[in-house]
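Visitor: After the structure tokens below, expect a handful of questions from me.
Please treat every number below as a calculation from the coordinates, not as lab data. Since we're looking at a predicted model, the values are computed, not measured. Backbone-built Cβ (ideal geometry, glycine too); neighbour counts: all protein chains shown.
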Amino acid sequence: MLAACGLASADELFSQIPAEARLQRPLALADGISEYEIVDYFKSLAAQNANGYASFLGAGVYNHYRPVVVDTVVSRGEFLTSYTPYQSEISQGTLMTIFEFQTMVCQLTGMDVANASMYDGSTAIPEAAMMAERITGRHKALVARSAHPEYREVLATYARNQGMQIEEFGFDRATGQIDFADLESRLDKGTACVIIQSPNFFGIVEDAKKAAAMAHAAGALLVFTFTEAASLGILEPPRDADIVAGELQSFAISPSYGGPFAGIMAAKEKYVRQLPGRLVGESKDSEGNRAFCLTLATREQHIRREKATSNICTNQALIALMATVYMELYGKRGLRELAEQNLAKAHYLGSKVKPLFSGPYFNEFAAVPAKPVEEINAQLLEKKIIGGLPLAKFYPELGNAVLLCATEMTKRADMDTLAEVMA
Amino acid sequence: MIRKVRQHLSQNESLIFERSSPGKIGYQLPDLDVPAVDAAAALGAASVRAEIEGFPEVSEVEVIRHFTRLSTWNYAIDLGMYPLGSCTMKYNPRINEAVARIEGLAWAHPYQPESLSQGAMEVIGRLEAALCEITGLDAVTLQPAAGAHGELTGILLVRAALEARGNPRKKILVPDSAHGTNPATAGIAGYSVQNVASNDQGMIDIEHLAGLVDDDVAALMVTNPNTLGVFESNIAQAAEILHSKGAMIYMDGANMNALVGVARPGDFGVDVMHINLHKTFSTPHGGGGPGGGPVAVAKHLEPYLPVPRLKRMKDALAWDFDRPGSIGKVKAFYGNFGVMVRALAYILAHGGPGLRNATVDAVLNANYIRHKLRDFFDLPYDRPNMHEVVFSDDRQAAKGVRTGDIAKRLIDYGFHPYTVSFPLIVHGALMIEPTETESKDELDLFIDAMISIAKEVDEQPETLKNAPHMTRTRRVDEVTAARKPILRWK
């Protein structure tokens, strides 16, 4: 092949790189190792992580059972090793799964249109806020302090450089729900959107209808976010929101130390041209057969460049496919039963460990243990239980409180043990 | 002559909603070991939905058949060469998939105690170190989720560093050959964009650049090798021009597959760059993600990296949140960890020498294609290329056949098309990146297909204009799709 290229040696391939820019030594990385050694290495690393522990951690990342079928589907090379479906004639498989994903996201959230996915819930929030800015021409976003702290941090990073103003409004210390008086006092003619999460970071269900009415009265949009998608199996969807930006990790996406997950972005029909990211639409081919393709690309960076609605390109297609398979397997009845089981487990735990807030909760809640939470969690670790998330890191005002989560995977015996240790 | 494929049966399949019938289920849940709870009582009747309207109800085997049938409608690297330029569609080793699924890694919760996360943190630490060595830069953050997200992170770092000096400046320079994400990123980071023209060799025009760089310029975003597959040989000079005016140089690492083990951006003046783990480091594209977009920086940008930073203590790894200069978080938690595991497995499998060999093969493959196809397609920038080569449809356009038609005809020959009509500085571009994955046999098949298509342009151009002919779905009406969008089933 070198000869066909008119070259005498492989080094000549790089003659266009000036000598001073070339690396004049081998990379200081070890030689390659065999498949067996790689497996062995990663197993040894995995052994240094938690193994065989029961866990009460939620806080945006949930332990739900992952049906075997999900991995069977996403391991098919035709899904795993294909590119973004720009060439629709040979990408109909991926395109149709995304179309189904978009449909089910709409059905779950009560929205009219949904995109093909975002990186995750946290990055979907600033995208939603920027979208609200474009729609309203206003530059202030009000975000609930009860929304996920890391989501709020990501929003702050994006906002800082864009002239977007971010203000937080508080929560009621008795119910754990939005402090509506505080929200109302901050709404003004500069407010582009109000961002709320439900169930909120403390697991408490919010009154999205009331938040929407308040936002709309001020000419602002309501951006609704969620981290626990399983709650939508039973909770009324945020039909009054304008934009929904959330996280589907609960749907067959393993916690994987925080990613990759699948964010969603959905909205009312009239805002479709302001949506960021990829969209799949239904059409026909030249023989009149149903066919799908990427569409409305004039919103996107590869066409619009600096005027695009977002810079997003690669998203989370394969992870969104996991969620799609999961939603289809569980279906209408399964998601309901799943939500009911989560509700039952968490409320069993709530009957043993008193929740801090009085608001209605889905599958997690804050509680205050009798002893310092660090002490409690250390004691639990000895019993092979990872306790809840200490809240002081994100909410110093909540002192010794801890966030506890129970899902369909949580065993009654472990909840009993937790309750004993926390008492 | 079409040698790679022939037709076979393709199963029909409807949307899952059309297969649904009430009462069917595909899931199992264990019996509850706690008392059931009345939802209306626990949550308030107004908060409880009646049902998820329209959601499917199907059995497990229907789900399996549904997705298996759909999967057969896709092309994939597993079926053959996928020569998309600037996308680096290389083989995705299955060992990567296996190790990412090891329970202690896949089921690690991001908030579990650090003492029970040391293995996960070691993956992050080791990958950061490897990427520092590969890029010749001093520090790496793995938090960004994809290339464009890495670009944003990188530009925010530039901005933070300039702000610390007293003035974030106003403009980002972007060559006209750049990926669309570059200008879009600059916009989102609060900068205006100024285009830099390419010279007649397809490279940054250094004199033009020198004239543009003033005290308002924050950085130049440059892809190297650029989107023509050409190494910007004046890159060190460009860096000097920028640095002399207090500006920085951002490198889009989308084409890093041409450089690993051969040249390091840190050695030719780059201040900050992103890497695409889903390109250079073999993690699967998955139909459009997930990706990984690590950002590597020179020492002077390190204080601004996103929080938290991994810190090596005496006998353990720890997360350091106390970083007052940080731009903050760009994503919840620590990044796409599962993608990092796969990338590290790839690096370990190759080792230093193997990584360099991959680069050599990738560049050789692209040059081989250039030499074999140059008599049949116009080469607007006729010079040695790196990992990809860009032709134009000039000769074929004279017969009324455009790059998009050639691409669609290539599908009939059993290949995924190349990147069509990009970069924008080449009229009717055919952008071809074979990667190191392809053997000479597969390359020759591809070359034969391209030559055969070039002959068809002369003999039967209509065949191309209606292509593809062999797919189950013929050319899709994208115009109607955009004019009357149907974005969900109803």
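Visitor: Could you state the angle between the C-alpha long axis of helix A:208-217 and the longest principal axis of the C-alpha atoms of chain A, as a value from 0 to 90 degrees rounded to the nearest 10?
Guide: Roughly 80 degrees, rounded to the nearest 10.
Visitor: Let me ask you something else. Under a Cβ-only charge scheme (Lys and Arg +1, Asp and Glu -1), can you give me the dipole magnitude of region A:69-325 about the Cα centre, in debye to the nearest 20?
Guide: Here the size comes out at about 680 debye.
Visitor: Report the Rg/Rh value for the protein assembly as shown, based on alpha-carbon coordinates and the Kirkwood definition of Rh.
Guide: Expressed as Rg/Rh, it is 0.96.
Visitor: Roughly how tilted is helix A:412-422, in degrees to the nearest 10 and between 0 and 90, from the longest Cα axis of chain A?
Guide: Tilt of helix A:412-422: around 60 degrees.
Visitor: Roughly speaking, what is the centre-to-centre gap between region A:370-412 and region B:448-471 when only Cα atoms are used, to the nearest Å?
Guide: Between the Cα centre of region A:370-412 and that of region B:448-471, the gap is 66 Å.
Visitor: Here's a follow-up. Farthest toward the dipole's positive end in chain A, which of A:Thr109, A:Phe202, A:Ala215, given Cβ charges of +1 (Lys, Arg) and -1 (Asp, Glu) about the Cα centre?
Guide: Looking along the dipole axis, the top candidate is A:Ala215.
Visitor: Tell me the volume per residue, in Å³, of the convex hull enclosing the alpha carbons of region B:170-318.
Guide: In region B:170-318, the Cα hull volume divided by residue count equals 144 Å³.
Visitor: Would you be so kind as to identify which of B:Pro434, B:Gly287, B:Ser86 lies farthest towards the positive end of the dipole of chain B, taking Lys and Arg as +1 and Asp and Glu as -1 on Cβ and the Cα centre as origin?
Guide: Working it through, the farthest residue towards the positive pole turns out to be B:Gly287.
Visitor: Can you report the principal axis dimensions of region B:130-212 using only the alpha carbons, biggest first, rounded to whole angstrom?
Guide: Each principal axis gives a Cα extent; for region B:130-212 these are 37, 32, 22 Å.
Visitor: Kirkwood Rh and Cα-based Rg: tell me the resulting Rg over Rh for region A:375-423, rounded to two decimals.
Guide: 0.99
Visitor: How big, in percent, is the set of alpha carbon pairs in region A:275-383 lying more than 18 Å apart?
Guide: It works out to 74 percent of all Cα pairs.
Visitor: May I have the convex hull volume per residue, in Å³, for the Cα set of chain A?
Guide: Hull volume normalised by residue count: 207 Å³.
Visitor: Using a ≥ b ≥ c from the Cα gyration tensor of region A:1-125 (square roots of the eigenvalues), is it rounded, prolate or oblate, where a/c under 1.5 gives rounded and otherwise the larger of a/b and b/c decides, a/b for prolate?
Guide: oblate
Visitor: Using only alpha carbon positions, build the gyration tensor of region B:16-79, then give the equivalent ellipsoid semi-axes as the square roots of 5 times its eigenvalues, largest first, whole angstrom.
Guide: They are 35, 15, 12 Å, listed from largest to smallest.
Visitor: Please work out the Cα center distance from region A:223-256 to region B:72-112, rounded to the nearest Å.
Guide: Cα centres, region A:223-256 to region B:72-112: 26 Å.
Visitor: Rounded to two decimals, what ratio of Rg to Rh does chain B give with C-alpha atoms and a Kirkwood Rh?
Guide: 1.01
Visitor: Alpha carbon centre of region B:309-332 versus region A:94-141: separation in Å?
Guide: A separation of 30 Å, based on Cα centres.
Visitor: Listing B:Ile25, B:Ile52 from the residue with the fewest other Cβ atoms within 10 Å to the one with the most, what is the order?
Guide: Starting with the residue having the fewest Cβ neighbours, the order is B:Ile25, B:Ile52.
Visitor: What pairs from A:Lys189/A:Lys209; A:Lys332/A:Lys383; A:Lys43/A:Lys345; A:Lys345/A:Lys371 go past 28 Å between their alpha carbons?
Guide: The answer is A:Lys332/A:Lys383; A:Lys43/A:Lys345.
Visitor: Show that you can apply the helix-only estimate: for the protein assembly as shown, add -39,500 (n - 2.57) for every DSSP H stretch of four or more residues, divide by all residues, and state [θ] at 222 nm to the nearest 500.
Guide: Result for the protein assembly as shown, helices only: -11000 deg cm²/dmol.
Visitor: Right, next: Can you give the average number of partner chain beta-carbon atoms within 10 Å of each beta-carbon in peptide A:69-77, as a whole number?
Guide: 5
Visitor: Sort A:134-141, B:414-421 by the packing proxy (mean of other Cβ within 10 Å over each peptide's residues), most packed first.
Guide: For the peptides A:134-141, B:414-421, the packing ranking is B:414-421, A:134-141.
Visitor: Return the average number of partner chain Cβ atoms within 10 angstrom of each residue Cβ along peptide A:293-301.
Guide: That average works out to 5.
Visitor: Could I ask something else about it? Compute the angle between helix A:149-160 and the longest alpha-carbon principal axis of chain A, please, reported from 0 to 90 degrees and rounded to the nearest 10.
Guide: The answer is roughly 60 degrees.
Visitor: Which lysines have a Cα lying under 16 Å from the Cα of B:Lys245, excluding residues fewer than 8 positions away in the same chain?
Guide: B:Lys170, B:Lys171
Visitor: Could you work out the mean count of beta carbons from other protein chains within 10 Å of each residue's beta carbon in B:138-146?
Guide: Mean inter-chain Cβ contacts per residue within 10 Å come to 3.
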